[in-house]
Amino acid sequence: MTLAIVRFCLVLFCVVLGAVMLLKGAWAQETPTAANWTRLPGTAVDISINSQGQAYVVAPNGTPWRWDALEQRWRKMSGDFVRISAAEGNRPWAVNADGAVFRYNGLWWESKDTDVADVAADAQGNVYIAKVNGDIKKWNPLRSEWQPVEGQAYRIALDMAGNPWVVTRDRRIAAFDGKNWGALPGRAVDIAIGGNDTVVIADAEGRIRVWNDGQRSWQAVAGVEGVTAAAATPDGGPWAVLTDGMIMATTLLVAPEKIKTEEGRAPEIKAPLAVAPIDTAPVAVAPGVSAAPLTPSGAIAPPAQVPPATTAPVQTAATLSASPVSPQTGTTGQTGTKTVAPAAGNDATIDPVAVTTNEDITFVNTQKTASALAIGRDGSVFGLDAAGNVLR
């Protein structure tokens, strides 16, 4: 009996020791890396930055905002979403609360699929989605359809080669090298990749961690806690969204033109503002968080220009674009909406409004509202909202 107890204790000890070693391997070098965090104006539930330094957030009320690197403030966009991904140019992708994924075409949001949990895009045109059931699909722009990809994902990010790194529903982490999937240690709730292939996660304990490929481990970054969403700048600087919605950054995104105009000026100390560009005012910064940003020479903290607070737009019947459109369907049955020029032509000498067609007309939900509309001879669509602002 005594021998059996001793054996049981030895087995239990080995199990505990193995678990400790596993955690040690996952969170190696547990002494966090020091970092100075700057609080940005506004609050958010999701955040994304591409390799070109274009940043977007989704506010708690669902409104998407784009970071203006020249004026150092957020600019409001139309739509109502829960997830967003920066992409090529100023053409982000986003997912709404119903699981529909959209692409912004410069004028409105085009619906591309349904039952989507997350979307990841890059500046090279690669786009992946994680479906609600965990399936992964890649967008084929030539055929306007989604193609299945091996693997499972709930959160997804793309490296500089366009390969997906994912977090599954059970918070496991995996990376695709172009041929095979490889499991990584640790647990996460969100994942992002910077322009220099720096991989950042929000771990299951609400901390920011950066992947150390040489040691095959995640290095903790000090300064913030309660992280729910992560992003990384072109130089790999982590950004984070906290549980209370605060947006924190280790390096600021500043337009080259602004850096140039600041050259030769005496150093100017400016504290980051705590003014929200959205309808949820942020709470005070937690003690111990430094306000000094890690920025290139000439970079300055966000100025006071902040757009007024508004509520999320009410979705209404969509407006018709200048050119008649017809749906095109991919072979997989999962399609996007595509604009097609009418057979009657649309040259500059013909008013597009006067062009008729016998084809079916598809109305697209632009995710915008307006009290008046006008269409130019070149097909440009303009509107006026209730406040008298011009929409394009």
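Structural remarks
- With θ taken as phi - 60° and the Karplus curve 6.51 cos²θ - 1.76 cosθ + 1.60 applied, the whole-hertz 3J(HN,Hα) list for region 59-73 is 6, x, 8, x, 6, x, 10, 10, 6, 8, 5, 7, 8, 6, 7 Hz, x standing for glycine and proline.
- Computed from phi, the 3J(HN,Hα) profile of region 44-54 under the Karplus parametrisation 6.51, -1.76, 1.60 (θ = phi - 60°) reads 7, 10, 8, 8, 7, 9, 9, 5, 8, x, 8 Hz, with x in place of Gly and Pro.
- Sequence of 205, 257 once ranked by neighbouring C-beta atoms within 10 Å, starting from the fewest: 257, 205
- Pairs of lysines in region 74-210 whose Cα atoms sit within less than 27 Å of one another amount to 8, provided the residues are eight or more positions apart or on different chains.
- Sorted by Cβ density within 10 Å, fewest first, the residues 225, 150: 150, 225
- Residue exposure proxy: 252, 107, ordered by other Cβ atoms within 10 angstrom of their Cβ from fewest to most, comes out as 107, 252.
Read-outs: derived from the displayed coordinates by stated rules, not from any lab. As the structure is a computational prediction, the values presented were derived from the model and not from experiment. Ideal geometry is used to build each Cβ from the backbone, glycine not excepted, and the neighbour counts take in all protein chains shown.
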